[in-house]
Amino acid sequence: MAQVLSLTATLCAAETHKASSKPLKLAKTSRETKTKTPIYNPRKGSGSSFNKIRKQNLEVSPHRAVSAVRLMRIELGGAFADLLNEKGKGSGDNEMGYVERTLGFRTRELEDRDLRLVTDIVGGTIRWRRYLDYLICSICHDDSTFRHMEPLLVQILRIGFYEIIKLDMPHYAVVDENVRLAKVALRPGAGNMVNGILRKLALLKESNTLPLPKVEGDERAQARALAILHSHPVWMVRRWTKYIGQEEAIKLMTWNNSDPSFSLRANSAKGVSRADLVMQLNSLKVPHELSLHLDDFVRIQTGMQIVIQAGLLKEGLCSVQDESAGMVVSVVNPQPGDRIIDCCAAPGGKTLYIASQLSGQGMVSAIDINKGRLRILKETAKLHQVDGVITTIHSDLRIVAEKNPVKGDKVLLDAPCSGLGVLSKRADLRWNRKLEDMEQLKNLQDELLDAASIS
Ligand SMILES: C[S@@+](CC[C@H](N)C(=O)[O-])C[C@H]1O[C@@H](n2cnc3c(N)ncnc32)[C@H](O)[C@@H]1O
């Protein structure tokens with residue numbers, strides 16, 4: 001029998017809230033079919049012939065090679081832009097394996113400085129993709145030339161454009177290094193092409209005559225121009241312009257394109273206070289500020305790699321958690337002895353914070369439909385020493401609510417959301433979301449809200 005609980009329901013859902021002269025010549029190859037470079041396919045690496053390759057190229061700049069391969073993996077293989085392991089060396093310990101299988105050679109191992117550049121270049125290149133592609137097309141004078149480029153050539157060009165335009169790196173170095181990468185990883189002709197295009201870009205930048213669109217014409221034309229200038233999908237620009245006006249939409253896009261900042265939560269359940277965390281950050285020389293709103297939180301703008309490499313996350317001494325997530329938990333206001341239902345709990349950021357405030361008394365029932373994410377929650381709960389006050393329930397919330405309702409004093413519903421509120425942190429997300437997703441999400445959120453409130 002379905003029971004009506006005495007509930008304080010908290011809904012958290014983000015957003016339900018041309019350049020001059022002749023076209024450059026390119027030997028036409030279809031991007032999908034005629035590449036010399038293998039398209040990203042991690043399984044290829046398990047073949048013995050691939051495993052035997054052990055060529056090392058010490059002339060190619062490692063951070064560019066790794067960035068180009070990571071970008072291919074993200075675009076063609078669906079990996080996330082922020083994939084990093086505890087050592088900060090990409091997904092798994094096998095980043096150089098991906099480089100070898102994709103480019104046909106290894107580079108020297110990445111140093112910390114290279115890793116920082118990879119993070120910066122990969123995130124920035126993804127974020128600025130529409131803008132960069134517009135410039136590349138304009139310089140090639142021809143959309144079809146661009147469309148037929150090999151995937152790796154596209155990534156090398158995007159990297160070069162990003163380095164020149166957004167990172168203001170010295171042009172000669174950017175041109176030389178990217179030309180070398182294209183020659184070694186593809187063929188001499190590709191290097192010549194990168195040379196021609198990047199040099200042209202450098203000239204246009206120096207003369208302040210980048211071929212960018214003007215924001216003029218009807219609403220649709222203006223949205224298209226803004227979408228290029230601020231590198232967002234057109235539908236997002238139109239949607240935000242409609243709801244908050246062009247000026248605010250531009251501010252929002254500028255914020256989405258700014259460097260993300262992160263916050264860390266000291267894990268009080270393991271006896272780590274914010275003062276302890278601050279001492280650790282001071283000893284690691286990671287600049288930080290105290291959160292103005294939450295006692296356990298510290299903000300950092302840079303130095304995440306250092307925190308990762310020092311093992312603070314791996315040891316469960318602190319977690320990376322947005323203050324906005326922490327503030328949702330302060331609305332729930334967990335008290336020792338509370339029975340709290342976290343309806344869409346995995347991977348567990350809020351569950352763990354809630355659990356850490358129960359001082360060992362009470363229970364959080366963590367429900368989620370995704371088994372893998374729930375497994376992460378369980379593992380992290382152990383690491384954070386809060387597993388004693390967490391029960392996981394692998395199920396669709398709508399089914400639990402109907403067939404086997406859970407009793408609780410407080411309910412948190414952190415329903416799946418568009419993610420449009422975290423575009424500065426998730427650089428790839430803007431290109432993966434569609435307008436149709438918004439409608440589907442809204443319906444799911446409605447159903448989950450009903451389920452959470454009638455259990
Ligand atoms: C925004 S995330 C939750 C984040 C989590 N609260 C945290 O702080 O780490 C939304 C979660 O809802 C889960 N979900 C989606 N549909 C669901 C359903 N029908 N029943 C239960 N969980 C669902 C997803 O698997 C996902 O883990």
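How much of the accessible area of the stretch 262-323, probe 1.4 Å, is carbon plus sulfur, in whole percent?
Numbers: 1680 of 2990 Å².
That fraction is 56 percent.
If you project the alpha carbons of the stretch 90-245 onto the principal axes, what extent comes out on each, in Å, largest first?
In descending order, the Cα extents are 51, 34, 28 Å.
Can you order the peptides 175-186, 260-271 by their average number of other Cβ atoms within 10 Å per residue, highest first? Before the final figure, lay out the partial values.
Values: 175-186: 21.7, 260-271: 20.1.
For the peptides 175-186, 260-271, the packing ranking is 175-186, 260-271.
Using only alpha carbon positions, build the gyration tensor of the stretch 161-271, then give the equivalent ellipsoid semi-axes as the square roots of 5 times its eigenvalues, largest first, whole angstrom.
Numbers: eigenvalues 221, 145, 31 Å².
Working through the eigenvalues yields semi-axes of 33, 27, 12 Å.
When all C-alpha to C-alpha distances in the stretch 113-193 are sorted into bins of 10 Å, what percent of pairs does each bin hold, rounded to whole numbers?
Each 10 Å bin holds this share of Cα pairs: 18, 52, 28, 2.
Using only Cα atoms, locate the centre of the stretch 125-165 and the centre of the stretch 261-321, then give the distance between them in Å, rounded to an integer.
After rounding, the separation between the Cα centres reads 38 Å.
Classify the stretch 262-323 as rounded, prolate or oblate, taking a ≥ b ≥ c as the square roots of the eigenvalues of its Cα gyration tensor: rounded when a/c is under 1.5, otherwise prolate if a/b is larger than b/c and oblate if not.
On the way: a/c = 1.42, a/b = 1.08, b/c = 1.31.
Rounded shape, in that the Cα axes give a/c under 1.5.
What is the diffusion coefficient of the stretch 266-389 in µm²/s, taking the Kirkwood radius over Cα pairs and the Stokes-Einstein relation at 4 °C with a viscosity of 1.567 mPa s? Before the final figure, lay out the partial values.
Numbers: Rh = 14.9 Å.
Taking Rh from Cα pairs, D becomes 87 µm²/s.
Probe 1.4 Å, all protein chains in place: accessible area of I139 in Å², nearest 10?
Surface open to solvent at I139 totals about 0 Å².
Using protein chains only and a probe of 1.4 angstrom, how many square angstrom of R108 are accessible, to the nearest 10?
So the heavy atoms of R108 present about 90 Å² to solvent.
Past the 29 Å Cα-Cα mark, which pairs from K183/K314; K382/K410; K242/K410; K251/K434; K403/K434; K183/K285? Write out the running numbers ahead of the final one.
Details: K183/K314 40 Å; K382/K410 23 Å; K242/K410 36 Å; K251/K434 21 Å; K403/K434 34 Å; K183/K285 40 Å.
As for pairs spanning more than 29 Å Cα to Cα, those are K183/K314; K242/K410; K403/K434; K183/K285.
Taking H as built 1.01 Å from N, whose amide H comes closer than 5 Å to the amide H of I341, not counting residues under 5 places away?
S365, D409, K410, V411, L412
Mind checking the per residue accessible area of the stretch 186-305 for me, 1.4 Å probe, whole number of Å²?
On the way: 6230 Å² over 120 residues.
For the stretch 186-305, the solvent-accessible area averages 52 Å² per residue.
Quick one: Cα centre-to-centre distance for the stretch 369-409 and the stretch 215-255, in angstrom?
If we compute the Cα centre of each part, the gap is 40 Å.
The values are calculated or read from the model by the stated rules, or taken from the named source; none is laboratory data. Just so it is clear, the model here is predicted, and its values are computed rather than measured. Every residue, glycine as well, gets a Cβ built from its backbone with ideal geometry; the counts of neighbours run over all protein chains shown. Remember, those area values only see protein heavy atoms, side chains included, never the ligands or the DNA or RNA. Shrake-Rupley method; radii C 1.70, N 1.55, O 1.52, S 1.80 Å.
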